[in-house]
1. Please give the FRET efficiency for D125 paired with S155, using the beta carbon to beta carbon distance and R0 = 35 Å, rounded to the nearest 0.05.
2. Ordering K160, K108 from largest to smallest accessible area (1.4 angstrom probe), what's the sequence?
3. Efficiency by 1/(1 + (r/R0)^6): what FRET value for D18 and T164, r their Cβ-Cβ distance, R0 = 25 Å, to the nearest 0.05?
4. Suppose R0 equals 41 Å. What FRET efficiency, 1/(1 + (r/R0)^6) with r the Cβ-Cβ distance, do Y268 and A317 give to the nearest 0.05?
5. For the chain, with only Lys/Arg (+1) and Asp/Glu (-1) charged at the beta-carbon, what is the dipole magnitude about the Cα centre, in debye rounded to 20?
6. Under 20 Å Cα-Cα from K269, which lysines qualify once same-chain neighbours fewer than 8 residues away are excluded?
7. From largest accessible area down, sort E161, E81, E76; use a 1.4 Å probe on the protein chains.
8. So how strong a dipole does segment 80-145 carry about its Cα centre when Lys and Arg Cβ are +1 and Asp and Glu Cβ are -1, to the nearest 20 debye?
Amino acid sequence: MNPIAIGIHGGCGTLARDLQSTQDWAETEAALEASLRAAWTILKAGGSALDAVEAAVVVMEDSPHFNAGHGAALTENAEHELDASIMDGATLGAGAICAVRRIRNPIKAARAVMENSDCVLIVGDPADAFARRQGLAMVENGYFTTARRQQALASLKARKERGTLAAASEAERHGTVGAVALDAKGNLAAATSTGGFNNKPAGRVGDSPIIGAGTYARNGACAVSCTGQGEIFIRHAVAHDLWARMHYAAETLHRASDALIHDVMKPYKIGAGLVAVDAKGRIAAPYNTLGMARGWIGPDGVLHLGTHEEMKSLVLAS
Ligand code: ASP
């Protein structure tokens, strides 16, 4: 069988270990595992990389433990505006939505934009209306709210008042989920979904729904999903730059990924990370924060996952 692989991240805005209960960490890890298994089942059965990344992201959107879908960040107005994108490395087809408020699984809407419209990116209320017409599940905006994000919003507002915003943790500020996959036909795909930054101005859009900034996939080279302060990722077109480094400069996936996260992002002093897969199924998942929820299953069929430095491995039954 040709190599298959799935890689996921749950954002580089990870909490310090002692700031969540053991049960919360266990639930976070269980969601990462469920996300990987959902994608792996599809890939093992000969399914497409696109289906695999969508399935992986849906699991994390539905979990309250990640900043995407249920559990997403709040804007300065205590509302949710969600962004998502998906890209097909076989065709360079891409779809994205941003600043949506009612779509239960924004990644499904991004896919619908790619497959059922002539657009790449649809914004705001019209994107919600498009999703509704596509028959996707719609929810009240409050469905996305969790106590953790409300606390983060209150804390960030208080910090802003006191002038101590710089001391806010990465976890208070942001997060994202993403997935990349290689299927048995050699096709690559990437998907990203986020609530963006806590306390973000209404209407602010980061890199996650911007093709080439937060998401990119191109057969023969790589698929990548990014996490970190979107403004900087947009300026550096990080996701596309990963592909360009591999394509034009013949850098390996690991070298190019490390250079982007550890060198290019360094002067900005921002939290940053990504997950990427190459055409052979090798996975890179660098980050520069104290942790990044992440996991992958490579061609060897071993499942790896972790939220901080240490990783757990699980050999899957074949
Ligand atoms: N990239 C996301 C944004 O800027 C946030 C994150 O990944 O943490 O909206």
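1. Values: r = 30 Å, r/R0 = 0.85.
FRET efficiency, D125 to S155: 0.70.
2. K160, K108
3. Details: r = 21 Å, r/R0 = 0.82.
Between D18 and T164 the formula returns 0.75.
4. Efficiency for this residue pair is about 0.40.
5. Working: 30 positive and 33 negative charges, 55 e Å.
It comes to approximately 260 debye.
6. Within reach: K160, K200.
7. Working: E161 165, E81 20, E76 75 Å².
Order by accessible area, largest first: E161, E76, E81.
8. Values: 7 positive and 8 negative charges, 44 e Å.
About 220 debye.
The values are calculated or read from the model by the stated rules, or taken from the named source; none is laboratory data. As the structure is a prediction and not an experimental result, all values here were calculated from the model. Here Cβ is always computed from backbone atoms with ideal geometry, including for glycine, and neighbour counts include all displayed protein chains. The area values use the complete protein model at the heavy-atom level, side chains included, leaving out ligands, DNA and RNA. Shrake-Rupley method; radii C 1.70, N 1.55, O 1.52, S 1.80 Å.
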